[in-house]
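Right, one structure below, let's go through it.
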C-alpha cells in the first residue's frame with residue numbers, strides 16, 4: 001500500500017511541476033520538450049518528471065548544461 005500512495009503522490013507532484021514549467025517556459029517550448037521526450041523515450045513530460053534523468057537529458061539538449 002505504501003508504494004501505491006507514493007506513486008500517487010509522485011504523480012500529483014509531477015502534474016504540479018508540469019504546470020510550473022509551462023507557466024515559466026511557455027506552452028510552445030513545453031510542447032517542443034514534450035515532443036522530444038516522446039520521440040526519444042516514449043514519455044510525456046509528466047511521466048519524465050517522475051523519471052527525472054530523462055527530462056534532464058532533454059532539457060540539456062534545449063538549454064545546455066546549465067539547465
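A few notes on this one:
- Selection status of residue 22, surrounded by fewer than 16 Cβ atoms within 10 Å (Cβ to Cβ) and on the phi < 0 side of the Ramachandran plot: no
- Checked against (1) surrounded by 12 or more Cβ atoms within 10 Å (Cβ to Cβ); (2) within 11 Å of the chain's Cα centre (by Cα); (3) assigned to a helix (DSSP H, G or I); (4) modelled with pLDDT of 90 or more, residue 53 meets all criteria but (1).
- Region 41-50: number of residues that are over 11 Å from the mean Cα position of the chain (by Cα) and either in a helix (DSSP H, G or I) or surrounded by 12 or more Cβ atoms within 10 Å (Cβ to Cβ) (or both): 1
- Unique match (being in a helix (DSSP H, G or I), surrounded by 12 or more Cβ atoms within 10 Å (Cβ to Cβ) and over 12 Å from the mean Cα position of the chain (by Cα)) among 38, 62: 62
- Note on region 1-19: among residues that are in a helix (DSSP H, G or I) and exposed (fewer than 10 other Cβ atoms within 10 Å of the Cβ), the one that is modelled with the lowest pLDDT is 2.
The values are calculated or read from the model by the stated rules, or taken from the named source; none is laboratory data. Owing to the predicted nature of the structure, the values given are computational and were not obtained by experimental measurement. Quick reminder, even Gly has a Cβ in these numbers, built from the backbone with ideal geometry, and neighbours come from all protein chains shown.
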